[in-house]
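To start, the structure itself, in structure tokens.
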Amino acid sequence: MSVVTSVSECSVHNCSFNHDGCTAVAITVSGSEEHASCATFIDTSISGGLPKMLAHVGACQRSECSFNHDLLCTAPAVKVGPGAEAADCLTYTHA
């Protein structure tokens, strides 16, 4: 794997890292076998992250995802949004 996967969209409005896109340096995808959640999600009044950063997927703990290779995401891009939890990886596909 020679590139990292970008977070192309985040529609979780109450995340401290979402300011016209994800401003975290990288996110971690976790969750359960039924869905994958964004473990970087934080709901506080503090604005976090960098001012102009497009986040990447730093680690994916969902080994059963079809895009997971060696705990890294191989999807072209991921979308994060409300799902089973407040912030889910909407690109997750069970293999």
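The values are calculated or read from the model by the stated rules, or taken from the named source; none is laboratory data. Everything quoted here is computed from the prediction, not taken from an experiment. As a convention, Cβ positions derive from the backbone with ideal geometry for all residues, glycine included, and neighbour counts pool all protein chains shown. Areas reflect the complete protein model, heavy atoms only, side chains present, ligands, DNA and RNA absent. Shrake-Rupley method; radii C 1.70, N 1.55, O 1.52, S 1.80 Å.
Structure notes:
- Top-ranked residue of region 12-27 - restricted to ones that are open to solvent by 40 Å² or more (accessible area, probe 1.4 Å) and not aromatic (Phe, Trp, Tyr), ranked as modelled with the lowest pLDDT: ASP20
- Condition met for GLU9 (open to solvent by less than 90 Å² (accessible area, probe 1.4 Å) and in contact with an Asp or Glu (Cβ under 9 Å, 6 or more places away or on another chain)): no
- Subset of region 1-37 (residues that are within 17 Å of LEU72 (Cβ to Cβ) and free of Cβ contacts under 8 Å to residues at least 24 places away in the same chain): SER2, VAL3
- Members of region 40-65 found to be closer than 14 Å to LYS79 by Cα and surrounded by fewer than 16 Cβ atoms within 10 Å (Cβ to Cβ), listed by number: LEU54
- Qualifying residue in region 72-93 (condition: in contact with a Lys or Arg (Cβ under 9 Å, 6 or more places away or on another chain) and aromatic (Phe, Trp, Tyr)): yes
- Looking only at residues in region 29-39 that are open to solvent by less than 50 Å² (accessible area, probe 1.4 Å) and at negative phi, the one that is modelled with the lowest pLDDT is SER32.
- Residue match in region 68-76 (condition: under 22 Å from SER16 (Cβ atoms), β-branched (Val, Ile, Thr) and either within 10 Å of the chain's Cα centre (by Cα) or modelled with pLDDT of 95 or more (or both)): no
- Single residue of region 66-95 satisfying the filter (acidic (Asp, Glu) and assigned to a loop (DSSP other than H, G, I, E, B)) that is least open to solvent (accessible area, probe 1.4 Å): GLU85
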